[in-house]
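The values are calculated or read from the model by the stated rules, or taken from the named source; none is laboratory data. Note that the structure is a prediction, hence the values are computed from the model and not measured. Note that each Cβ is placed from the backbone with ideal geometry, even for glycine, and that neighbours are counted across all protein chains shown. Please note that ligands, DNA and RNA were not included when accessible areas were found on the heavy atoms of the full protein model with its side chains. Shrake-Rupley method; radii C 1.70, N 1.55, O 1.52, S 1.80 Å.
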Amino acid sequence: MQIFLIVCAAFGLGVVVSFSIGFGTGVVFVLVGGLAVMILGVILSLIAKRQLDIIVPVPRGDVAQLIVTEFKKMGWKSVEGRGEFNYRSWGIGLGVAGFGDYKALGHPVMSIDLEDLPEGDTAVSIWMSEGRSRWGQVGGVDRFLSKRWMLSRKLAALAGSTNNQAAL
């Protein structure tokens, strides 16, 4: 959501400034800016499709509790899926036309698996298990990336260290 709001604010401000310079400048800005937003969506989609693996030196129960708590917030709902935990975003975002239209626009599903390691650590795998794209851009990809980043930061904080290695 944060990425979407930043893109909207920058694009809106650019439209106002460019049209204040002149009509032709405004039209060129809208065309070039629209293309730039589409390219940004494709790049973010490529990043989001990569699996994130994190090893957290805490028990599995604590990690599961953090995941459930993090996804109780607005904008995500629990769904059936391929992972131990599966959540689908809903609402506005890059490439999304309206609320609740996940079937047509491909709101992504974030799946999370946990694996116990011998030393008492927990391996966390986060990936996009479902998400349709249009012109290479997954709908709501900004929400997916923001939540994945926030979850990885909270897992690092849970471990008491921000130096945990995450392999992308």
What do you get for Rg/Rh over the chain if you use C-alpha atoms and the Kirkwood form of Rh? 1.07
Length-normalised contact order for the chain - Cα pairs under 8 Å, 6+ apart - percent: 29
Heavy atoms only, probe 1.4 Å: what % of the accessible area of the chain goes to carbon and sulfur, would you let me know? 64
Cα→Cβ-extended label distance, 7 Å offset, between Ile39 and Ile6, nm: 1.8
Gain in length, Asp53 to Phe19, computed as 0.36 nm per residue apart minus the alpha-carbon separation, to one decimal in nm? 7.7 nm
What is region 113-156 by shape, rounded, prolate or oblate, if you read a ≥ b ≥ c off the alpha carbon gyration tensor as root eigenvalues and call it rounded for a/c under 1.5, prolate for a/b larger than b/c, and oblate otherwise? oblate
Low-density loop cleavage sites - GluC sites (Glu not before Pro) in region 1-98, where at most 12 other Cβ are within 10 Å (DSSP): Glu80
Of Ile55, Ile6, which has the most accessible area and how do the rest follow, probe 1.4 Å? Ile6, Ile55
For the chain, list the DSSP H helices whose alpha carbon atoms reach 20 Å or more along the long axis and whose average Kyte-Doolittle value is 0.5 or above? 2-21, 23-48
Compare Met150, Met74, Met110 in a GNM of the chain, Cα atoms joined below 10 Å, and give the one with the largest fluctuation. Met74
Magnitude of the Cβ-charge dipole (Lys and Arg +1, Asp and Glu -1) of the chain about the Cα centre, nearest 20 debye, reported as 580
